[in-house]
Amino acid sequence: MNINILTIFPEIFDALNFGVVSKSLDKDLLKVKTFDIRKNSINKHDQVDSKPYGGGEGMVMMAEPIISTLKEIDNKNTGKIIYLSPQGKRLNQEKVKSLSKLKNITLICGRYEGIDQRVIDEYVDEELSIGDFILSGGEYAAICIIDAISRHIPGTLGNKNSYLKDTFSNGLLKWDTYAKPEKLGSLRVPEVLLSGNHKEISKWREENSLLKTFLKRPDLFEKIKLSKKQKKLLEELASKAIL
C-alpha cells in the first residue's frame, strides 16, 4: 500500500519509524512518502498561508502551494485524496478496514484555520475526522490513521488474528486483560483466567466484553446486531450491574 502525505512539517512523520508501523515499512508492505507543501510557496519567504477573505481570525493555507504539491504525485499513485478535517466524517473501525484495502491514498494535512475551500471542492474526494476536537494540525490525525490502517495490512502484526479481537473489531469493547504477577497487593487476576479451561475463559471474556460495553459505551449497542444468546446474557449482566 502507498500513502502520500502533503504537509508543511514532514519531520513529524519520523514517528512512523517506531512500533507496528515501522514493521510494515521495513517489510515494504506499506510505503509512506511526504511532500513538503512549503517547497511550493508563493515567495522567497516560504509563505503558504494568507489572511482569509472577508476578515476573521487566523490564517488560511492558500490553494496554489497545495495544488502544486498534489501535481508532484504521479497520477497512478495518487489514489483517493483525503483532507483531514474536524468537519469530516468521523473515522471508525469499519472505515479503517475499507481504507486498508486501497492501493493508494493521499492525505492532505491542514494547518492554521484550514485550507482554501477551492482545494476541497476541486481535488478532495473525502474529508475525515478522528474526533470532535481540534488539533493544531492534520499531521497528528494522519499518524493515527496510518497506524490504524497498518494493523490491517497482512504481514504487519506478529499474530495475524490480533486485530480481529481488538476493541471495536466486533462492535464491542474488548474484555479486561491481565499480565504477571498473579497478585498485585490486594488485587488478583480472575481465577478463571488461570484455570486453563479455554471454554470457561472464552465465556468469561464474552461476558466481560458485553458488561464493559454496557457500562462504558452503551451507545455501541445501537450499531451492532447481538445474537439471542448475547441479548439474554446482556440482560442478566445489566440487571446485576444495576443491583
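Every read-out reported here was derived from the displayed coordinates using simple, explicitly stated rules and does not represent laboratory data. Please read these numbers as outputs of a predicted model, since none were measured by experiment. Ideal geometry is used to build each Cβ from the backbone, glycine not excepted, and the neighbour counts take in all protein chains shown.
Structure values in brief
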{"quantity": "Most mobile listed residue (V119, V192, V96) in the chain, GNM with C-alpha springs under 10 Å", "calculated": "V192"}
{"quantity": "Net +/- balance of residues flanking A15 in space, Cβ distance below 13 Å, scoring K and R +1, D and E -1", "calculated": "-4"}
{"quantity": "Proxy reagent accessibility, fewest Cβ within 10 Å first, across L6, L184", "calculated": "L184, L6"}
{"quantity": "Restraint check, K31/K103; K101/K223; K174/K216; K31/K76; K199/K229; K71/K97, Cα-Cα greater than 18 Å", "calculated": "K101/K223; K71/K97"}
{"quantity": "Among F221, F18, F133: highest mean-square fluctuation, GNM of the chain, C-alpha pairs under 10 Å", "calculated": "F133"}
{"quantity": "Overall Cα dimensions of the range 68-195 - principal axes, largest extent first, Å", "calculated": "61, 31, 22"}
{"quantity": "Fraction of the pair-distance distribution of the chain above 27 Å, Cα-Cα pairs, percent", "calculated": "49 percent"}
{"quantity": "D36, D125, D132 arranged by Cβ crowding within 10 Å, fewest neighbours leading", "calculated": "D132, D125, D36"}
{"quantity": "Mean Cβ neighbour count within 10 Å, used as a protection proxy, ranking 99-111, 21-33 highest first", "calculated": "99-111, 21-33"}
{"quantity": "GNM flexibility winner over the chain from E207, E126, E139 (Cα, springs under 10 Å)", "calculated": "E207"}
{"quantity": "For the chain, calculated [θ]222 nm from helices alone, where every DSSP H run of n ≥ 4 adds -39500 (n - 2.57)", "calculated": "-10000 deg cm²/dmol"}
{"quantity": "Principal axes of the range 24-93: Cα extent on each, largest first, Å", "calculated": "47, 33, 21"}
{"quantity": "Helical segments meeting 27 Å axial Cα length and Kyte-Doolittle 0.0 threshold in the chain (DSSP H)", "calculated": "none"}
{"quantity": "Cleavage-rule hits (trypsin sites (Lys or Arg not before Pro)) in the range 174-243: DSSP loop, at most 16 neighbouring Cβ within 10 angstrom", "calculated": "K174, K223, K225"}
